[in-house]
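One structure below.
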Amino acid sequence: MELNNQRLSEREFEQERRQVLQSWPTGKEVDFSEGVKFQHALPDSKRFSSVLRQADQSGKTLLQPRAGVALLHEQIALLQHLESSCDLLPTTIDAYTRLNRYDEAGSGITKSLQAGSSLLNGFPAVNHGPKGCRQVVNALNKPVQVRHGTPDARLLSEITLAAGYTSYEGGGISYNIPYAKRVRLESSIRHWQYCDRLVGKYEEEGIRINREPFGPLSGTLVPPFVSHCIMLIEGLLALEQGVKCITLGYGQGGNLIQDVAAIKSLRELGDEVFQAAGFNDYELSTVFHQWMGGFPQEESKAYSVICWGATAAAIAGATKIIVKTPHEACGVPTKEANTHGLEATRQTINMVHEQHFPTTEAMEREVEIIKREVRAVLDQVLNLGRGDIALGTVRAFAAGALDIPFAPADCNAGVLMPVRDNDGAIRLLDPGSVPLPDDVLTFHRDKIAERARQEKREASFHMVVDDVNAVSRSTLIGRPQRRNTVSPIHGL
């Protein structure tokens, strides 16, 4: 049967559900009715959607770290340590669970117990099961979200939502193309339709679960319009299955004007696209991910990157910010490093969020460019799918009309090539087959040519490589040699 964007029928969902819950022993422990009862008993202070709504209405930017370890008691201790420094809590899932390799995740738990510390890069929630996951929820006073990277997250969603988690990150595109090489896009989108339908089932029981597509994608020089298109597509797919609370994400690019314009346009496009598709009953918020690329190894320099991201998020008015740590270049951060990243972000946001930054011509131009790019691409996706966004997405990736830079998936063309312009904004060196208007492509070429003249070299892949490494080498733009002067931020 060909993929489509229709809501899963009750019969289809329940038949599949029996198979999902029987696929691993802890799945058999899931009791949906009991999970609904537990979710209803949670106070608003532990419900993601409620805290997001309050923040959005008050203009507050919430802080959330990433954090996950193998052992149950250590996961609880880690989150309790972070709780006083953040507004929202995560449970980052380990790599074995993301690949549905639960046997190996179980071995990781055993070896971690023997070693006395975590030997996995996250929390194996499926292995710990509903009872273990609920211990995490019960031990905390703030909302907890599942953050992972799983193309097939059906069992993980059943276990964690029944356990009392109130937010679930990811999507069939954003947790496939940037993460996997040989997972069929049709399969991952279909599996995530199941996850969204499960959230819709909770919604029908009066339980609002927040859903958050993963905005940064490959995390490397992703043009705003590329990630916006994926966010909006995954948002539409989720709404069709009954989701009512969506947080659209964006990964920091580094140019302040472009980053602020990206969050502004993402919010506006969300309402525009969702309502044009016939959806009006939903709650919309935004999340800004601090820099996802290479970090400097020196902690002092890493703090600067963290605070620059905090500044952009605060000026942009993002509902939530995903916070990095000063140990990003060194491996899995300690709980102390995680706290320090949160505290540095909090200080910056407290200093910035009450200041007024007026809209400028440069900002409005950037917003309009992003919107035109997104509309052009989404129009083509719908055309390819003959009005069906799910089918159109698969066909668009096959045709290169959707193309995520530096993503490993076989089904991704990988032709679109980004590079920074002379101000550090992300532009298109090669658009591949992405269907953008001619004048927009001319805009990109002119902005890149301006930088090439400044640096007295041709715009080429060497420039791209320089940009990929720039932040870890203490600059934003990968110039051939470092400038000794400090340039002002133009147009703000």
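The values are calculated or read from the model by the stated rules, or taken from the named source; none is laboratory data. Just so it is clear, the structure is predicted and the values come from calculations on it, not from any experiment. Virtual Cβ from ideal backbone geometry, glycine too; neighbours counted across all protein chains shown.
What to note about this one:
- Qualifying residue in the range 246-268 (condition: modelled with pLDDT of 95 or more, assigned to a helix (DSSP H, G or I), among the hydroxyl-bearing types (Ser, Thr, Tyr) and crowded, with 22+ Cβ neighbours inside 10 Å): yes
- Scanning the range 218-232 for residues that are in contact with a Gly (Cβ under 8 Å, 6 or more places away or on another chain) and assigned to a helix (DSSP H, G or I) returns Pro224, Ser227, Ile230, Met231, Leu232.
- Qualifying residue in the range 146-158 (condition: free of Cβ contacts under 8 Å to residues at least 24 places away in the same chain and either among the small types (Gly, Ala, Ser) or surrounded by fewer than 23 Cβ atoms within 10 Å (Cβ to Cβ) (or both)): no
- Of all the numbered requirements in (1) part of a helix (DSSP H, G or I); (2) in contact (Cβ under 8 Å) with a residue 60 or more places away in the chain; (3) surrounded by fewer than 21 Cβ atoms within 10 Å (Cβ to Cβ); (4) not small (Gly, Ala, Ser), Glu2 misses one, and that requirement is (1).
- Exclusive hit being in the same structural domain as Ala67 (by TED's automatic domain parsing), touching a helix residue (DSSP H, G or I) at 6+ places or on another chain (Cβ under 9 Å) and not charged (D, E, K, R), set Ala376, Ala344, Ala390: Ala344
- Residue under evaluation Met292, criteria (1) at pLDDT 95 or above; (2) surrounded by fewer than 22 Cβ atoms within 10 Å (Cβ to Cβ); (3) out of contact with any helix residue (DSSP H, G or I) (no Cβ under 8 Å at 6 or more places or on another chain), criterion not met: (1)
- Test result for Leu384, touching a strand residue (DSSP E or B) at 6+ places or on another chain (Cβ under 6 Å), free of Cβ contacts under 8 Å to residues at least 40 places away in the same chain and of a type in the set (A, V, I, L, M): no
- So Leu99, is it under 23 Å from the mean Cα position of the chain (by Cα), modelled with pLDDT of 95 or more and closer than 30 Å to Ala344 by Cβ: no
- The conditions of being crowded, with 22+ Cβ neighbours inside 10 Å and among the aromatic types (Phe, Trp, Tyr) are not met by Tyr282.
- Candidates Gly278, Gly331, filtered to the one that is at positive phi, modelled with pLDDT of 95 or more and out of contact with any Ser or Thr (no Cβ under 9 Å at 6 or more places or on another chain): Gly278
- Selection within the range 351-380 - part of a helix (DSSP H, G or I) and either acidic (Asp, Glu) or over 24 Å from the mean Cα position of the chain (by Cα) (or both): Met351, Glu361, Ala362, Glu364, Arg365, Glu366, Glu368, Glu373, Asp379
- Qualifying residue in the range 249-264 (condition: more than 26 Å from Val434 (Cβ to Cβ), in the same structural domain as Lys320 (by TED's automatic domain parsing) and charged (D, E, K, R)): no
- Test: residue in the range 95-116 that is crowded, with 17+ Cβ neighbours inside 10 Å and within 17 Å of Val323 (Cα to Cα): no
- Residues being surrounded by 18 or more Cβ atoms within 10 Å (Cβ to Cβ), modelled with pLDDT of 95 or more and farther than 21 Å from Val305 by Cβ are represented in the range 453-462 by at least one member.
- Only one entry in Arg211, Arg190 is among the basic types (Lys, Arg), in contact (Cβ under 8 Å) with a residue 24 or more places away in the chain and surrounded by 24 or more Cβ atoms within 10 Å (Cβ to Cβ), namely Arg211.
- For the range 401-451, the tally of residues that are touching a helix residue (DSSP H, G or I) at 6+ places or on another chain (Cβ under 9 Å) and basic (Lys, Arg) stands at 3.
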